[in-house]
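Worksheet for the structure shown next.
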Amino acid sequence: MGYLCTTVAQTFVKTEVKQSMRRVADWQIAHYNKAIYGDLNWVNATFYLGLVHWAAIAEQADKDDSYYKWLLRLGNRNYWQVNQRMYHADDICVSQMYLYMYEKYKRKSMLVPTQARAEWVIANPPSGSFELDYGDATTLEHWTWCDALFMAPPVYAKLYAQTLDKKYLNFLNREYKATYDYLYDKEEQMFYRDRRYFDKREANGKKVFWGRGNGWVLGGLAEILQALPGDEPSRKFYQDLFVTLATRVVGLQSP
């Protein structure tokens with residue numbers, strides 16, 4: 001891999017990466033079908049988050065604002081609303097894209113629905129059990145499954161960054177640490193998917209962790225760290241967790 005060390009080779013590799021990103025974005029847009037999940041579902045919302053990051057690259061590098069325009073049309077036709085369930089982490093995931101769009105365009109319509117949902121949840125804090133049971137919706141009020149740490153926490157981090165209102169940061173820190181205390185195995189340095197996996201074991205006797213789920217956590221941490229100011233004291237917790245979890249995951253990956 002030594003050839004990657006030259007300046008020319010690095011430029012070539014970056015160009016190839018950009019081309020691949022554009023092909024993926026274009027394919028996803030061409031095959032987008034809101035009838036499958038709906039515009040506001042978490043599955044599509046995670047795509048929008050990737051697309052809004054790509055939109056920034058495309059506009060800066062190539063003066064191509066078509067991806068921003070696509071997201072604008074999507075947001076406008078949904079009036080920048082959040083999905084239905086008040087507490088469910090999945091249903092506020094779409095707000096991550098909204099907040100990036102608000103950061104760029106400064107249109108209050110992009111911010112107000114997300115802000116209203118977050119403030120309602122903060123004013124009516126979740127009280128359900130952490131013992132996840134899909135037959136009991138109250139057990140989905142907190143972030144009781146590890147991929148929830150991708151879906152919702154970055155929304156509160158960005159709301160704090162954009163408003164400097166401590167209530168968003170305090171809620172983020174309290175709820176995130178509650179999930180961390182419940183689902184994180186400090187010995188294995190991994191998150192359980194949810195409480196149903198605490199006592200499960202592989203055939204070799206090892207504990208059961210979800211690889212993609214821990215990837216979700218890392219993705220959420222990356223967004224949180226981009227949002228929180230460098231001098232924010234609580235940032236250290238998320239930074240240390242990111243480094244620890246990333247180091248652990250790298251050690252588990254196959255060649």
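Contact annotation: residue pairs with Cβ atoms under 7 Å, 6 or more positions apart or on different chains, pairing a residue in the stretch 89-108 that is touching a residue at least 12 places away in the same chain (Cβ under 8 Å) and crowded, with 24+ Cβ neighbours inside 10 Å with a partner that is among the aromatic types (Phe, Trp, Tyr) and not in a helix (DSSP H, G or I), are Ala89/Trp143; Tyr98/Trp80.
All of Gly75, Gly50, Gly38 fail the test of being of a type outside the set (S, T, N, Q) and closer than 23 Å to Cys146 by Cβ, apart from Gly50.
Going through the stretch 164-183 one residue at a time, which ones are hydroxyl-bearing (Ser, Thr, Tyr) and closer than 18 Å to Arg235 by Cβ? Those that are hydroxyl-bearing (Ser, Thr, Tyr) and closer than 18 Å to Arg235 by Cβ: Tyr168, Tyr176, Thr179, Tyr180. Within the stretch 225-239, does at least one residue satisfy the condition of being acidic (Asp, Glu), assigned to a helix (DSSP H, G or I) and at pLDDT 95 or above? No - not one qualifying residue is present in the stretch 225-239. Would you confirm whether or not the stretch 152-171 contains a residue that is open to solvent by 60 Å² or more (accessible area, probe 1.4 Å), touching a residue at least 12 places away in the same chain (Cβ under 8 Å), within 30 Å of Asp231 (Cβ to Cβ) and among the aromatic types (Phe, Trp, Tyr)? No, the stretch 152-171 contains no residue that is open to solvent by 60 Å² or more (accessible area, probe 1.4 Å), touching a residue at least 12 places away in the same chain (Cβ under 8 Å), within 30 Å of Asp231 (Cβ to Cβ) and among the aromatic types (Phe, Trp, Tyr). In this structure, does Leu241 turn out to be more than 23 Å from Pro126 (Cα to Cα) and in contact (Cβ under 8 Å) with a residue 12 or more places away in the chain? The answer is yes for Leu241.
Confirm whether Gly219 is open to solvent by 20 Å² or more (accessible area, probe 1.4 Å) and under 16 Å from the mean Cα position of the chain (by Cα). Judged against the criteria, Gly219 is a match. Going residue by residue through the stretch 23-35, is there one that turns out to be without any contact (Cβ under 8 Å) to a residue 40 or more places away in the chain, out of contact with any Gly (no Cβ under 8 Å at 6 or more places or on another chain), at negative phi and open to solvent by less than 20 Å² (accessible area, probe 1.4 Å)? Checked against the condition, which is being without any contact (Cβ under 8 Å) to a residue 40 or more places away in the chain, out of contact with any Gly (no Cβ under 8 Å at 6 or more places or on another chain), at negative phi and open to solvent by less than 20 Å² (accessible area, probe 1.4 Å), the stretch 23-35 yields no hits at all. In contact with a strand residue (DSSP E or B) (Cβ under 9 Å, 6 or more places away or on another chain), among the aromatic types (Phe, Trp, Tyr) and open to solvent by less than 70 Å² (accessible area, probe 1.4 Å): is that true of Tyr238 in this structure? No. Pairing residues of the stretch 204-219 that are among the charged types (D, E, K, R) with residues that are outside any strand (DSSP E or B) and open to solvent by 40 Å² or more (accessible area, probe 1.4 Å), at Cβ distances under 7 Å and at least 6 apart in sequence or on separate chains, gives Lys207/Glu188.
The values are calculated or read from the model by the stated rules, or taken from the named source; none is laboratory data. Being a predicted model, the structure only gives us computed values, none of them experimental. As a convention, Cβ positions derive from the backbone with ideal geometry for all residues, glycine included, and neighbour counts pool all protein chains shown. Accessible surface areas use protein heavy atoms only, side chains included; no ligands, DNA or RNA. Shrake-Rupley method; radii C 1.70, N 1.55, O 1.52, S 1.80 Å.
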